[in-house]
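Asker: Following this message is one structure expressed as structure tokens.
The values are calculated or read from the model by the stated rules, or taken from the named source; none is laboratory data. No experiment lies behind these values; they were computed from the predicted model shown. Virtual Cβ from ideal backbone geometry, glycine too; neighbours counted across all protein chains shown.
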Amino acid sequence: MFTLPEQLTIAYVDDCKASLLGEIQHQDIIEIDDSNVLQIDTLGIQLLLATVKFIISQNKQLIWKPQSLAIKQGIEQLGVNEAVLNQYFTG
């Protein structure tokens, strides 16, 4: 399981991206835990969207049951309307 950091902001995105890529390269099933995320910015949302798209393009399985209110609010505030990401945050 890959646990996202408390801050998914410009200062932390590069480190998180590198770790995520390592996880994706070595696993066929990628499980994301976002329960620690307290702060996210536009770049963090972009990283999540790119990650989901990349996992799909690699024909790997993503297991993600969002728990972070910060991520949900960030997506809503930015008006992100991407089906591949919204499928995890609706309902």
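Asker: Just the residues that are in contact (Cβ under 8 Å) with a residue 24 or more places away in the chain and exposed (fewer than 14 other Cβ atoms within 10 Å of the Cβ), please, taken from the range 22-35. Before the answer, list the steps.
Answerer: Just the residues of the range 22-35 that are in contact (Cβ under 8 Å) with a residue 24 or more places away in the chain, to begin with: 24, 27-35.
Once the filter is applied, which keeps residues that are in contact (Cβ under 8 Å) with a residue 24 or more places away in the chain and exposed (fewer than 14 other Cβ atoms within 10 Å of the Cβ), the range 22-35 yields D28, I29, S35.
Asker: Something else: When you go through N59, N86, N81 one by one, which is the residue that is on the phi > 0 side of the Ramachandran plot and surrounded by fewer than 19 Cβ atoms within 10 Å (Cβ to Cβ)?
Answerer: Values: N86 fails: on the phi > 0 side of the Ramachandran plot; N81 fails: on the phi > 0 side of the Ramachandran plot.
Residue meeting the stated conditions: N59.
Asker: Give the number of residues within the range 45-58 that are within 14 Å of I71 (Cα to Cα) and out of contact with any helix residue (DSSP H, G or I) (no Cβ under 6 Å at 6 or more places or on another chain).
Answerer: Total satisfying the criteria: 2.
Asker: In the range 42-91, what residues are touching a residue at least 24 places away in the same chain (Cβ under 8 Å), within 11 Å of the chain's Cα centre (by Cα) and assigned to a loop (DSSP other than H, G, I, E, B)?
Answerer: Scanning the range 42-91 gives P66, S68, Y88.
Residues checked against (1) at pLDDT 95 or above; (2) in contact with a strand residue (DSSP E or B) (Cβ under 6 Å, 6 or more places away or on another chain); (3) of a type in the set (D, E, K, R):
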residue	(1), (2), (3)
P5	yes, no, no
V13	yes, no, no
I29	yes, yes, no
K72	no, no, yes
F89	no, no, no
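Asker: Restricting to the range 21-41, give me the number of residues that are acidic (D, E), in a loop (DSSP other than H, G, I, E, B) and more than 18 Å from Q7 (Cβ to Cβ). Break it down stepwise before answering.
Answerer: So in the range 21-41, the residues acidic (D, E) come out as 23, 28, 31, 33-34, 41.
Pick out the ones that are also in a loop (DSSP other than H, G, I, E, B) and you get 28, 34, 41.
With the extra rule that they be more than 18 Å from Q7 (Cβ to Cβ), the set shrinks to 28.
Qualifying residue count for the region: 1.
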